[in-house]
Amino acid sequence: MHKRTILVVDDTADNLSLLAGLLKDFYRVRLANSGEKALAALASGDELPDLILLDVVMPGLSGYEVCERLKANERTQAIPVIFLTGMSSEDDESKGLALGAADYIAKPVSPPILLARVQTQLLVRDALGLLEAQNIQLGDQVRRTGLALGEARAKLAKLVEIGIALGRDTDRQALMKRALLGARDIANCEAVALFTRTPENTLRMAYSTHEHMAAGSKELPMEMPRAGEGADARDRVAQRVARTGATVVINDARVASANGLDLDPLRRLAEAAGISPLSVLGVPLKPRDGKVIGVVLMINAQDSRTGAICPFDPEIIGFTEALAAETAMALENHELLDAQRNLTDSMIRMLAGAIDTKSPYTGGHCARVPELAFMLAEEAERVREGPLADFAFKTEQEWREFRIGAWLHDCGKVTTPEYVVDKATKLETIVNRIHEIRTRFEVLLRDAKVRELEAVLAGGSAAQARAEFERRETQLHEDFAFVAECNLGGESMDEAHVTRLRAIAQETWLRHFDDRLGLSHEELRLHEKTPRAGLPARENLLADQPYHLIERHKSDDGGDFKLKPPRYLYNRGELYNLCIQRGTLNAEERFKINEHIIQTIRMLESMPLPDDLKRVPEYAGTHHETLTGSGYPRGLTGAQLSIPARIMAIADIFEALTARDRPYQKAKSLSTAVEILHQFKTKGHIDPVLFDLFLSSGVYLAYARRYMDPAQIDTVEISKYLG
């Protein structure tokens, strides 16, 4: 066994020899005959002694001074010192112990006592050394535990922070970027890639912290490779994670190969981005239902102190799985919201398309008006001065709100009967009733022919009878032609036209058949307003009958809208309709047409729209309002109309003027439509700033080239309309 070393310091040779003799059998003894030599030896770098026997009284440096210097030196302060003195004094002993001496022995020295005291101090030193080592070890362990707890606390805080942020992200790309950067921080790794599952059941790299990795990636099939197909029959890491739904940790490529994993594709992909993958951690993205919707791959764990590549710490796997779960739920929420938006948008487009499809004459209106509105809104956003300087849809959601309002601007037309929307002639309902009136003229003509024949048979002049028939025939043809022309509604009806119609209406014809046979229950109810006439019954050629009046429901009073309904829901009186002053619609039908905007507002306001779609009823329901308050249905003024609402008004008017599919009007040329729109501006019906922008930005021409017949597009001198 290695002997312990004792340094004996005394200026007396006899004492040195005596002490050396007592100790040499048990210890290795070194001698110094002065305090100076002892300190020099200790400072020389030689091996330090395990204990020092130090005489108190020496020439030069006293033992007290030597002890004081030893205890002040960090290198020697732990060496136990036993003072040797020639007398026993409590004061000296206290002084020595106060200086740091371990013991105090009086001369003459008794060998057993010396050996016992030396052995005791060495044991004490060993015990203190062991205790100190244990304290150091415990301190290191506490520090390591503290560091681990600190790192875990930091990772947990980071995880919570990322989770909160993921819940707030509205952009899918921003969400994936945040998740990947968070995974890189938590796992302390070199690179991270995120794969998402496609509808075709493949994995596609959707995002990577290294662009070159994403650029060089290919879609991975999800199916299990078939046996015997070489390297291609082995799993890629992302495939294994996606198919099994379990985390995969690879810290040894040989182990990965033995487990049927092929790292070569990942290695080639990573090396293209300047990374050499040595360790890989794959974590599945599994939302509520447990179906894997993606995979997060973390490449090359790094030592937090040195930055060297190292295996992934098992302690961080739970954190990465928690982050993956948060990411999966956030992505699923995005997908659910996207699906909800797509469903909503599809239903809206379907409704708009159904409205247009319902009427072959207005097909495309609900599609063209939004397109024109979007074009003008985009130009308005580019304006940096004037009343439009502050206008902008700040988010994509605000744009979507406007788009939906534009798509649904005529959704109330589902309540408008098709024959009213498409009414091309004054007598048209479900059929054009001019045919019924023509039949009456046919009856009158037959009656005239019968009278001619009866006059001849009665012995009268055939020539006179023939002349009378021809006069009557000419009159009936002229009268019917006039009635038929009035039915078209092409020109305004003046008083002379109305007077002639009323005169023609006084003609009578004889009905021999019961007009209540074959009628529906509702038609019979309307005919009950008048008593049944005996047959044959004489009736006017044109008539306004009580059964032509369709009552309105009493509860349908128009509500709080300025646009109030007429007394009757419909008035199908023949003379009443033929005397319409302009166009083909009577007052009841015109209200029914205009009422679509009321129905639009009611339909949309009855829907539980989310906060980000609250303005849809406004955007959809104000395109017939004017800046002067003369519009409908609420009579709003310019101060109450937003810029998007004003844009919708211009889009709706211009589309209606230029549409080629209206039965009641001929499509206007581009210059004529601009001129009419300018008149609306002059009267204060539309926004003058937006009208000028409509022309100066070229929106009018861009729309014309996309949707108008080339024959309609003529030259427009926009300079005379601006300002």
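The values are calculated or read from the model by the stated rules, or taken from the named source; none is laboratory data. Just so it is clear, the structure is predicted and the values come from calculations on it, not from any experiment. Every residue, glycine as well, gets a Cβ built from its backbone with ideal geometry; the counts of neighbours run over all protein chains shown.
Taking helices (runs of 4 or more DSSP H) that fall entirely within the stretch 612-717, which contain at least 1 residues that are more than 22 Å from Glu595 (Cα to Cα)?
643-658, 670-682, 688-696, 699-707
Does the stretch 448-492 hold any residues that are within 15 Å of Ile434 (Cβ to Cβ), out of contact with any helix residue (DSSP H, G or I) (no Cβ under 7 Å at 6 or more places or on another chain) and assigned to a helix (DSSP H, G or I), and which are they?
His477, Ala481, Glu485, Leu488
If you go through the stretch 225-236 one residue at a time, do you hit one that is modelled with pLDDT under 60, touching a strand residue (DSSP E or B) at 6+ places or on another chain (Cβ under 9 Å) and either of a type in the set (Ser, Thr, Tyr) or loosely packed, with under 13 Cβ neighbours inside 10 Å (or both)?
no
Please specify each residue of the stretch 1-50 satisfying the condition of being part of a strand (DSSP E or B) and out of contact with any Pro (no Cβ under 7 Å at 6 or more places or on another chain).
Those that are part of a strand (DSSP E or B) and out of contact with any Pro (no Cβ under 7 Å at 6 or more places or on another chain): Val8, Val9, Arg28, Val29, Leu31, Ala32.
Based on this model, can you work out whether Ala377 counts as assigned by TED's automatic domain parsing to the domain that holds Ala179, touching a helix residue (DSSP H, G or I) at 6+ places or on another chain (Cβ under 9 Å) and touching a residue at least 24 places away in the same chain (Cβ under 8 Å)?
When the stated conditions are applied, Ala377 does not pass them.
Out of (1) free of Cβ contacts under 8 Å to residues at least 24 places away in the same chain; (2) under 15 Å from Thr5 (Cα atoms); (3) part of a helix (DSSP H, G or I), what's the single condition that is false for Ala127?
Evaluating Ala127 over (1) free of Cβ contacts under 8 Å to residues at least 24 places away in the same chain; (2) under 15 Å from Thr5 (Cα atoms); (3) part of a helix (DSSP H, G or I) leaves (2) as the failure.
Could you tell me how many of the residues in the stretch 375-431 are part of a helix (DSSP H, G or I) and either more than 26 Å from Thr600 (Cβ to Cβ) or not basic (Lys, Arg) (or both)?
Residues meeting the conditions: 29.
Pick from the stretch 235-276 the residues that are of a type in the set (D, E, K, R) and within 23 Å of Gly290 (Cα to Cα): which of them is farthest from the chain's Cα centre (by Cα)?
Asp235
Quick one: which residue in Arg500, Arg525, Arg516 is out of contact with any helix residue (DSSP H, G or I) (no Cβ under 7 Å at 6 or more places or on another chain), over 25 Å from Asp422 (Cα atoms) and surrounded by 10 or more Cβ atoms within 10 Å (Cβ to Cβ)?
Values: Arg500 fails: out of contact with any helix residue (DSSP H, G or I) (no Cβ under 7 Å at 6 or more places or on another chain); Arg516 fails: out of contact with any helix residue (DSSP H, G or I) (no Cβ under 7 Å at 6 or more places or on another chain).
Residue meeting the stated conditions: Arg525.
Out of the residues in the stretch 493-534 that are of a type in the set (Gly, Ala, Ser) and assigned to a loop (DSSP other than H, G, I, E, B), which is farthest from the chain's Cα centre (by Cα)? Quick ask: steps written out before the conclusion?
Filtering the stretch 493-534 for residues of a type in the set (Gly, Ala, Ser) gives 496, 503, 505, 518, 520, 533-534.
Next, from what is left, pick out any that are assigned to a loop (DSSP other than H, G, I, E, B): 518, 520, 533-534.
Numbers: Gly518: 59, Ser520: 53, Ala533: 69, Gly534: 72 Å.
Of everything passing the filter in the stretch 493-534, Gly534 is farthest from the chain's Cα centre (by Cα).
Would you call Pro565 modelled with pLDDT under 90 and crowded, with 18+ Cβ neighbours inside 10 Å?
yes
Leu194 is checked against (1) touching a Pro at 6+ places or on another chain (Cβ under 9 Å); (2) at pLDDT 80 or above; (3) surrounded by 15 or more Cβ atoms within 10 Å (Cβ to Cβ) and fails just one. What number does that condition carry?
Failed condition: (1).
Given (1) surrounded by fewer than 17 Cβ atoms within 10 Å (Cβ to Cβ); (2) within 21 Å of Gly489 (Cα to Cα), identify the lone condition not met by Gln679.
With respect to (1) surrounded by fewer than 17 Cβ atoms within 10 Å (Cβ to Cβ); (2) within 21 Å of Gly489 (Cα to Cα), Gln679 is out only on (2).
Select from the stretch 176-191 the residues that are at pLDDT 80 or above and hydrophobic (A, V, I, L, M, F, W, C) and write down the one among them that is farthest from Leu266 (Cα to Cα). It would help to see each step written out before you state the result.
Going residue by residue through the stretch 176-191, those that are at pLDDT 80 or above are 188-191.
Within this subset, residues satisfying the condition of being hydrophobic (A, V, I, L, M, F, W, C) are 189, 191.
Values: Cys189: 16, Ala191: 12 Å.
Checked the stretch 176-191; the qualifying residue farthest from Leu266 (Cα to Cα) is Cys189.
Residues being out of contact with any Asp or Glu (no Cβ under 7 Å at 6 or more places or on another chain), at pLDDT 70 or above and not aliphatic (A, V, I, L, M): count how many of those fall in the stretch 352-374.
Going through the stretch 352-374 one residue at a time, the tally reaches 5.
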